[in-house]
1. Which ones in the stretch 109-129 are touching a residue at least 12 places away in the same chain (Cβ under 8 Å), under 14 Å from LEU99 (Cα atoms) and out of contact with any strand residue (DSSP E or B) (no Cβ under 6 Å at 6 or more places or on another chain)?
2. Scan the helices (runs of 4 or more DSSP H) fully inside the stretch 1-112 and keep the ones with 3 or more residues being at pLDDT 65 or above and not assigned by TED's automatic domain parsing to the domain that holds ILE133.
3. How many residues are at pLDDT 85 or above and hydroxyl-bearing (Ser, Thr, Tyr) if we restrict to the stretch 113-143?
Amino acid sequence: MNARRRRRRNASVEVNITPLIDVVFLLLIFFMVSTTFTKESRLHITLPTADAERGEAPPESIEIVIDREGSYAINGVALINRQRDTLVRGLRELAAGNLDVPVTITADARTAHQAVVTAMEAAGKAGFAHLNITSQLPDGGEE
């Protein structure tokens, strides 16, 4: 009987993980193939409301759009980060020296106030003097 017990103790138990690795790789390939990696280039915003008469938009203007998270886009082109210097460089490149162009800031109603202030500082640092801020009428119409 002692010999039988010794053989069982010495026999090593092995777990074959090769099928597990195969299944994990198949799942990884499935998720990589079925996932789409598209990045939205437009920012979705909800404008704040205000009771005022609608003003005429100038024919040529620069629009800074700020989404809820504080990301910036200039004339529909999203910036790579939220740094003020990046915003200043984007405004200067778009203006191409014409600092008389009005800058319009369109911010989501739930965005942090600091993001709007940063956009205003960037427009001032870039040399723009004409600044507009958009809002929305209480019934849902855009101002």
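1. ALA122, LYS125, ALA126, GLY127, ALA129
2. Correct list: 18-34.
3. Looking only at that region, the number is 1.
Quick grid of which residues meet (1) of a type outside the set (Ser, Thr, Tyr); (2) touching a strand residue (DSSP E or B) at 6+ places or on another chain (Cβ under 8 Å):
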site: ILE66; (1), (2): yes, yes
site: SER71; (1), (2): no, yes
site: ASN75; (1), (2): yes, yes
site: ARG82; (1), (2): yes, yes
site: LEU87; (1), (2): yes, yes
site: ARG92; (1), (2): yes, no
site: LEU99; (1), (2): yes, no
site: ILE105; (1), (2): yes, yes
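The values are calculated or read from the model by the stated rules, or taken from the named source; none is laboratory data. Since the model is a prediction, treat every value here as computed from it, not as a measurement. Neighbour counts are summed over all protein chains in view; Cβ atoms, including those assigned to glycine, are modelled from backbone coordinates with ideal geometry.
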